[in-house]
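In what follows, a single structure is set out as structure tokens and then discussed.
The values are calculated or read from the model by the stated rules, or taken from the named source; none is laboratory data. What you see is a predicted model; the values in this text were computed from it and never measured. Here Cβ is always computed from backbone atoms with ideal geometry, including for glycine, and neighbour counts include all displayed protein chains. Keep in mind that these areas ignore ligands, DNA and RNA; they rest on the heavy atoms of the full protein, side chains included. Shrake-Rupley method; radii C 1.70, N 1.55, O 1.52, S 1.80 Å.
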Amino acid sequence: MNPHQKTDYQKELSAAQAEIARLQQALDEQTKDINKLIQWMQSLQQDILAVYDSATWQMGNSITGLILKLLRRPVGVTARDHINKIAAGFESWKINYFQNRRQQGLQSYTPWHDTREYALWIKQYDTLSHTELVEMQKSIAQWQYRPVISILMPLCKETLHAIQSVRRQIYPHWQLCIAYQNTLPKSLIKEISLDDRIKRISGTENQTLLNSALSIANGDFITLMGAEDQIPAHALYKIVEILNLHPETDLIYTDEDKLNQKGQRYDPYFKSDWNPDLFYSQNFIRHLAVYRRTIINHIGGFKADYPDNEDYDFALRFIERTKRIRHIPQILYHENALKKGNAKTACQALQAHFQRLKQSVKVVEAIGEQTRVIYPLPKKPPLVSLIIPTRDKLKLLRGTINGILNQTSYKNLEVIIMDNGSEESDTLNYFQQIQEDKRITVIRHAAPFNYSQLNNIGVSHANGEIIGLINNDLEIISPEWLTEMISHALRPEIGAVGAKLYYANETIQHAGVTIGLGGMAGHHFKFLARETPGYHWKPFLIQNYSVVTGACLIMRRKIFKDVGGLNEKHLKVAFNDVDLCLRLRERGYQIVWTPYAELYHLESASRGVDNTLKKYLRLRHELNYMKKRWNDTLLNDPYYNPNLTIEYEDFSLAYPPRV
């Protein structure tokens, strides 16, 4: 092969590779769109079924049937028949689709929010007017506290946009510290010379560029910025605004998005307020993060031991010294491109953090270049008492019991079945047989259904240090589910632990609960396909939430009793798990959700729907009680961003934001 042919082949290969990459990106985008359509379709199906099961619809249907009978006219094919036919066809297609997707494995990460929709949202809600800029400048003049913020910028590539975005800041008391190796281009030298607040230093091989920049910084607070990134004009203003309202704050972080090659913003990350378990799964604070200098002086600078994760190690060492952390729910940082992750060094930095805290945990790599912390069990694992309320529905119950006894790796357990008046002979015979196993106890409580009361009675008979509230319609997926949940429940700061639950069709039923959704509470990522990365990998990350579902909830028995158990007076059926978790948080405990405890959940299969007047009135009472008891709390979930909707469970944008 002559050199010309070789060159031609290389060009053709490069062109083919570029085309494959383009097609793969297009396929990923189409897959994301299909997954969202499935979410919406399943939500619509659920809403339609709720209408059909409502007392109002059934009453109207009965009246219509009576009128047709009096008129001697046949009923014929109804709208419900058509909808049921379409739903059956959709369900069949969906099952085949998910089976094919599972064979292909985990899907590639794609931005959650549509780029075009996000651009319109920015124009409407994230574009400063001239009036707002003038008001900000007036506020600065009135502030009592005007600290200097030093921005550390390691310079690897020639760029003017990053420096220019700093020079456009409304807040004037900043310092830009640029560290570089070799020489600077003339264009950059010219830009730097225009502002005496910009300092530069040539780094050495024995010192990271970040440490070089830090050595010339004299600000009260320090932040990091990539040489190709940008910050909006009001970024530092918003930081100092918080410092004037809360001067004790040591660490502030903000939301962020990305810039494509055309300079267009996309893929926003609207973050949670401080979320320690999420931070151990993902360095979510990243940018813009502002650190108090006096604490940095105690912990030292940046370590070169963790390539690509120097900032993560730095942040981990910083939070060991303070809990005074605040989040600004606004996009105040634009990253030029997503830096390639390095899960190996992230794990090393995290492992070192726990070693300093003298906690014997194991840190491993997780999906999507993220991390997972595995907490150990004591040498003698504690007894766990699993409480299962039930009434007949033997097929469901038998599956749950079989999974607990035969498919669960954790063995030191007892099961307390709370029989709420079962009548079927097969069920009663099963209760007699199953109690031959010394781990099983059946307690009969033939009273009107009161989920809270049934569980409270079950806990009063429990012998375990750990208790579990378990629905009778669960199927085990991962044998380690209980081990994983107990390992978190034993952590002193944790009040309750939730699991990742799926519908039978492999879509998510429960991946954490947000309060305020739909006026009360809602499940994250409901109906999302099991293999979908979701919103910044959150369906695959251990994290804190305000609430986890009581369908599969593990906690320490002492804490359950200390907070008074479930509210059996006001919350007999609904929202008792929400109330329990909020009372735990009120006592200072954290709620944690783990994706490593996976089960199927046939939601409310044994209880049915609220389609009678009595059930409706009971539900209204429970809603009213929750709103009265938790009114202010329901308005602001710290683990959910106010720029995201509370109308739906899909992390879509809020119109308008609640900031």
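For the peptides 236-247, 177-188, 638-649, the ranking by packing is 638-649, 236-247, 177-188, with the highest mean count of neighbouring Cβ atoms within 10 Å listed first.
Solvent exposure of region 240-341, expressed per residue, is 39 Å² of accessible area, with all protein chains present and a 1.4 angstrom probe. Taking amide H as placed 1.01 Å from N in the peptide plane, the amide H of Tyr410 sits under 5 Å from that of Leu482, Thr483, each at least 5 places away or on another chain. In terms of packing, defined here as the mean over residues of other Cβ atoms within 10 angstrom, the peptides 504-512, 416-424 line up highest first as 504-512, 416-424. This model, with +1 at the C-beta of Lys and Arg and -1 at the C-beta of Asp and Glu, gives region 400-512 a dipole about its Cα centre of some 320 debye. Electrostatic tally near Asp273: other residues with Cβ closer than 14 Å to its Cβ, Lys and Arg +1, Asp and Glu -1, net +3. Other residues with beta-carbon under 12 Å from the beta-carbon of Thr633 carry, at +1 per Lys or Arg and -1 per Asp or Glu, a net charge of +1. Annotation: peptides 277-284, 193-200, ranked by per-residue average of other Cβ atoms within 10 Å with the highest first, follow the order 277-284, 193-200.
P(r) tail, region 158-246: Cα-Cα pairs separated by more than 20 Å, 35% of all pairs. Selection among Gln407, Gln432, Asn505 by position relative to the dipole of region 371-510 gives Gln407 as farthest towards the positive end (Cβ unit charges, Cα centre).
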